[in-house]
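Structure, as structure tokens:
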Amino acid sequence: MPGQGSAQTVIDSLEFARTGQTLRGSLPLVGLARLKGSLADALGTVEFEVRGGEDARRRPVLTVTIHGTLRLQCQRCLEALDHPLRVLNTLLLVTGTGASTGELDDEDGEWIEASRELDLAALIEEEILLSLSYAPRHEEGTCRPLRTAAADSASAAAFAGLAALKRNHH
Ligand SMILES: [Zn+2]
């Protein structure tokens, strides 16, 4: 069936919005090269829906919905962390001239440049990256404490050794 699955993700963005089309599918995480660096593992897929339409001022927009679970790495204990992904975002489509002549207001929110060959896979990856926090962590107090404690005492021992070494030079 056309429009299903992960094969066809390139759209003519203005046409897609004008005709109110919807595209649903799933993307394997392993195919999202830029996102992969943030993942503890790249197993599984994300589900997406992109809907074309217009905003209150009758300008073309794409509404992007993304669902899935990402395996991130906790920045405190470095163990894997399940991150439920829920992105819902409306993006204004702007033509090249509109973007450069300052037609946009601050309240317009997010916008992307309209393209005849907009790659939705790249757009979805970008939206996921923007939604991630800079330093994902487990809930306070739920990290595994062992690893940090071991690392602390190891560096304390190394430091003590260094201090002993310095003393011996006197
Ligand atoms: Zn943790």
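The values are calculated or read from the model by the stated rules, or taken from the named source; none is laboratory data. Since we're looking at a predicted model, the values are computed, not measured. Here Cβ is always computed from backbone atoms with ideal geometry, including for glycine, and neighbour counts include all displayed protein chains.
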Inset, instruction - Mind listing whichever residues of segment 32-57 are at pLDDT below 95, touching a strand residue (DSSP E or B) at 6+ places or on another chain (Cβ under 9 Å) and not polar (S, T, N, Q)? - result: LEU32, LEU35, LEU39, ALA40, ASP41, ALA42, LEU43, GLY44, ASP55
Legend entry - Matching residues in segment 5-48 - criterion: being of a type in the set (Asp, Glu), over 14 Å from the mean Cα position of the chain (by Cα) and loosely packed, with under 15 Cβ neighbours inside 10 Å: GLU15, ASP41
Inset, instruction - Considering every residue within segment 60-78, establish whether at least one is within 30 Å of THR95 (Cβ to Cβ), over 21 Å from the mean Cα position of the chain (by Cα) and buried (at least 16 other Cβ atoms within 10 Å of the Cβ). - result: yes
